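Since every read-out is calculated from the coordinates, none of them should be taken as a lab result. Worth saying up front: this structure is predicted, and the values here are computed from it rather than measured. Cβ placement follows ideal geometry from the backbone for every residue including glycine, while neighbour counts extend to all protein chains displayed.
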Amino acid sequence: MIHKNQIEPEFINPTMEDDHRKKGRIGRYIVYLLLAIATVGLGIHFLTPKPIDNASNQNMSLFISNKITDIDQKLTKSDEIIDIATNLSWHKSNTALYNEVKASKDKAIGGQREVLKQKMVKIQAREFPALRDAYVSSKKDVLGQEHINVSLSGEKKDVLTFTGGMFAPKKAQKEFTKSIEEIVSDLRFKKIVYKWSDDKNSFADYKIDSKNDTEI
């Protein structure tokens with residue numbers, strides 16, 4: 001006998017339950033199948049050799065050839081430096097081109113790239129010491145007005161020395177270094193030295209993290 005406040009258990013049809021289970025299994029199989037298809041598709045995309053872009057290779061080859069000619073013309077001229085900023089920009093554009101073609105798998109491009117590298121190393125080794133010399137010469141007058149003497153030393157002219165009483169405090173050295181940090185790094189100086197008196201112990205030096213002249 002069932003009391004009124006009791007709920008009779010719902011009758012579950014075994015056939016319906018089996019249908020639900022089958023549908024669930026089928027849904028999972030479909031998901032697995034789609035994942036498998038996606039995986040195969042990605043594998044084909046990344047493993048299939050890409051077609052050679054002949055037009056891009058031709059353009060790249062032309063750019064390299066023009067740059068090699070440009071460097072050759074510069075090598076035949078005197079090493080007189082006219083404008084520091086312009087010359088630095090030119091060297092940076094050479095490096096940008098070299099980095100762009102560095103990953104090319106084309107054999108012809110690879111051969112041109114090696115020629116370009118040799119030319120770049122040669123012109124950099126010649127020009128960067130001259131650029132550093134020009135930088136120091138350009139700063140002598142303006143720094144002289146502030147009672148600061150600037151000079152160049154080192155076999156490769158890569159040590160920059162500033163002499164003046166204002167450099168006694170370490171704070172002044174750091175602030176001055178910060179103000180010229182970008183340009184001295186671009187010019188590939190290796191060290192900045194500060195002197196503030198004739199005492200042999202009255203100096204401080206700071207190493208500059210910059211590329212070597214022959215480094216691309």
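Taking the Cα centre of region 59-216 as the origin and placing charges on Cβ (Lys, Arg +1; Asp, Glu -1), which of TYR194, HIS147, ASN66 is farthest toward the positive end of the dipole?
ASN66
Could you state the principal axis extents of the C-alpha atoms in region 65-115, from the largest down, to the nearest angstrom?
Reported extents, whole Å, longest axis first: 38, 20, 13.
Expected output is a single nm value to one decimal: the length gained when fully extending between GLN145 and GLN73, i.e. 0.36 nm times separation in residues minus the C-alpha distance. What is it?
So the extension gain works out to 22.0 nm.
Pairs to check: LYS119/LYS178; LYS74/LYS191; LYS171/LYS200; LYS77/LYS105. Give those whose C-alpha atoms are more than 22 Å from each other in this structure.
Where the Cα-Cα span goes over 22 Å, the pairs concerned are LYS119/LYS178; LYS74/LYS191; LYS77/LYS105.
Can you pull the one-decimal nm distance between simple spin-label points at SER138 and GLN118, each 7 Å off the Cα toward Cβ?
3.2 nm
Can you pull a Stokes-Einstein diffusion coefficient for region 72-167 at 20 °C (1.002 mPa s), Rh from Kirkwood over Cα pairs, as a whole number of µm²/s?
136 µm²/s
Taking R0 as 25 Å, what FRET efficiency do you get between LYS211 and LYS191 from their Cβ-Cβ distance, rounded to the nearest 0.05?
So the FRET efficiency works out to roughly 0.95.
Can you give me the distance in nm between label points at LYS200 and TRP90, each placed 7 Å from the Cα along the Cα-to-Cβ direction?
Spacing of the two 7 Å Cα→Cβ label points: 4.4 nm.
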